[in-house]
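Beneath this line is the structure, given in structure tokens, with notes to follow.
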Amino acid sequence: MRAAVRCHAVVSAAGYGVVMTTDDQPPSPSPTLDERASTSDERPTLEAFLDLYRGIVASKVAGLSDDDARRHLVPSPTTIGGIVKHLRWVEFGWFSQTLGQRSGENLRAHARDWEFSVQPDETLAGLLEDYAAECERSRSVAAAHALDDAVPHRRDRRRSHRASDEVCGLSRRR
């Protein structure tokens, strides 16, 4: 008789995963995002690093009040909440607009500095929810493309989500 297989969800500060065990086997922890980022094939490594850094953002701001999120800690208008808000729009620009071909360039319907400004009706919890939702959309867009897929881009002609030199604009062909 075969032992029953059970799945256990594991959530920790280092990441999340699923552990599969049998009745006669104690659960062993699944690889953390750190471990997946350093031991996986290329695509899972890239995805693990993105999720690792996305999670770091959320964990670093956990517990901050809305006032803390609006506080200016440097001479510029930069705030913690503004950084979270901007990262949401970075996800949108790179994945939905560029890779998803929703725009030939990273254009927004708002001024760029608006992304760094927490509005009176915005909360840190709401900004984090928006960021998490955009990250999920980014995962969906990325999943529909191979790493070598290149999409048209007005400024750089073509971009892929594999080549960092292309993504960072270092291989501009004019």
- Query: When a footprinting reagent is the concern and you count Cβ atoms within 10 Å, what order do 98, 32, 45 take, fewest first?
  - Reply: 45, 32, 98
- Task: Please report 68, 41 as a ranked list, fewest other C-beta atoms within 10 angstrom at the top and most at the bottom.
- Result: 41, 68
- Query: Using θ = phi - 60° and the Karplus form 6.51 cos²θ - 1.76 cosθ + 1.60, what ³J(HN,Hα) does each residue of the range 72-89 get, whole Hz, x for Gly and Pro?
  - Reply: 8, 9, 9, x, 7, x, 5, 9, 4, x, x, 5, 4, 4, 5, 4, 4, 6
- Task: With a point put 7 Å past each Cα toward its Cβ, work out how far residue 111 is from residue 71 in nm, to one decimal.
- Result: 2.7 nm
- Taking neighbour Cβ counts within 10 Å as the exposure measure, how do 42, 35, 91, 122 sort from fewest upward? 42, 35, 122, 91
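Every number here is computed from the coordinates shown, using simple stated rules; none is lab data. Quick caveat: nothing in here was measured; it's all calculated off a predicted structure. Neighbour counts run over all protein chains shown; Cβ positions are idealised from the backbone, glycine included.
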